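Asker: The structure that follows is given in the form of structure tokens.
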Amino acid sequence: MADGGWGFRMRPASATTDPDKLSLTVAIRPARADDLPVLEWFGLHTAHREIIGNAFRMQERGIGAMLLAEVNGFPAGQICVDFMRKRHLGRATLWALRVFQPFRGAGLGSRLMRAAEEVVAERGGGVAELGVDRDNAGVLPFYDRLGYLRCGTERGHFSYHTPDGVLVRVVIDQWLLHKRVAPAQASAAILAAE
């Protein structure tokens, strides 16, 4: 890959001459241990410290990936991939796509999704799958534009501990969406980014 890892560097197609607009370089790369505190985003996700740490440990064990969109040294977005949860179905689960509020609308979510799909394809996975909470239907057009199709629903729960030890239980009620990814797509996207 262009940067020797999972990610690639993307620069804006043209620099802007408008003094009211910024032109920033975005690097998509795997998370590092020193990113974890910053991913709490100034306290917005401190309660999710355990979830962030678990995602990173999955990457360290090779059963997951945690990709960041880095803007000027700041992890402005993230997406996680779980290779094990639905491996028996030939699927990798994408989860925890988020972009820090000041950077929303700049295409970071789409770039992170493409990078995650590349990682799935490189690992030999044929299908990327994700869940969208039923109370978050407003994001469905985003996934439609990226080629994701509804493939079912999922209900369940998960839990985590906050840093002060409080157990939080979260109910899951989601639409499942999937997209076929192929190694050829990954190679083409990587070459285009170089």
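The values are calculated or read from the model by the stated rules, or taken from the named source; none is laboratory data. Just so it is clear, the model here is predicted, and its values are computed rather than measured. So basically every Cβ, Gly included, is an ideal-geometry build from the backbone, and we count neighbours across all protein chains shown.
Asker: Take Pro163 and decide whether it is farther than 27 Å from Ala47 by Cα and either assigned to a loop (DSSP other than H, G, I, E, B) or modelled with pLDDT of 95 or more (or both).
Answerer: Working: farther than 27 Å from Ala47 by Cα: no; either assigned to a loop (DSSP other than H, G, I, E, B) or modelled with pLDDT of 95 or more (or both): yes.
It is false that Pro163 is farther than 27 Å from Ala47 by Cα and either assigned to a loop (DSSP other than H, G, I, E, B) or modelled with pLDDT of 95 or more (or both).
Asker: Cβ contacts < 6 Å: first residue of a type in the set (A, V, I, L, M, F, W, C), restricted to the range 140-157; second residue in a strand (DSSP E or B), any location; separation 6+ or different chain. Result?
Answerer: So the pair list comes out as Cys151/Leu176; Cys151/His178.
Asker: Considering only the range 154-180, state which residues are in contact with a helix residue (DSSP H, G or I) (Cβ under 8 Å, 6 or more places away or on another chain) and surrounded by 13 or more Cβ atoms within 10 Å (Cβ to Cβ).
Answerer: Across the range 154-180, the qualifying residues are Tyr160, His161, Thr162, Val168, Asp173, Gln174, Trp175, Leu177, Lys179.
Asker: For the range 72-111, give me each residue that is of a type in the set (Lys, Arg), more than 21 Å from Gly152 (Cα to Cα) and touching a residue at least 12 places away in the same chain (Cβ under 8 Å).
Answerer: Arg98, Arg111, listed by residue number.
Asker: Does Gly147 meet the test of being within 28 Å of Ala121 (Cα to Cα), small (Gly, Ala, Ser), in contact with a strand residue (DSSP E or B) (Cβ under 9 Å, 6 or more places away or on another chain) and in a strand (DSSP E or B)? Before the answer, list the steps.
Answerer: Numbers: within 28 Å of Ala121 (Cα to Cα): yes; small (Gly, Ala, Ser): yes; in contact with a strand residue (DSSP E or B) (Cβ under 9 Å, 6 or more places away or on another chain): yes; in a strand (DSSP E or B): no.
No; evaluated as a whole, the condition is false for this residue.
Asker: Follow-up. From the list Gly126, Gly147, Gly131, Gly138, which residue is modelled with pLDDT under 95 and either within 20 Å of the chain's Cα centre (by Cα) or of a type in the set (Lys, Arg) (or both)?
Answerer: After ruling out the rest, the residue left standing is Gly126.
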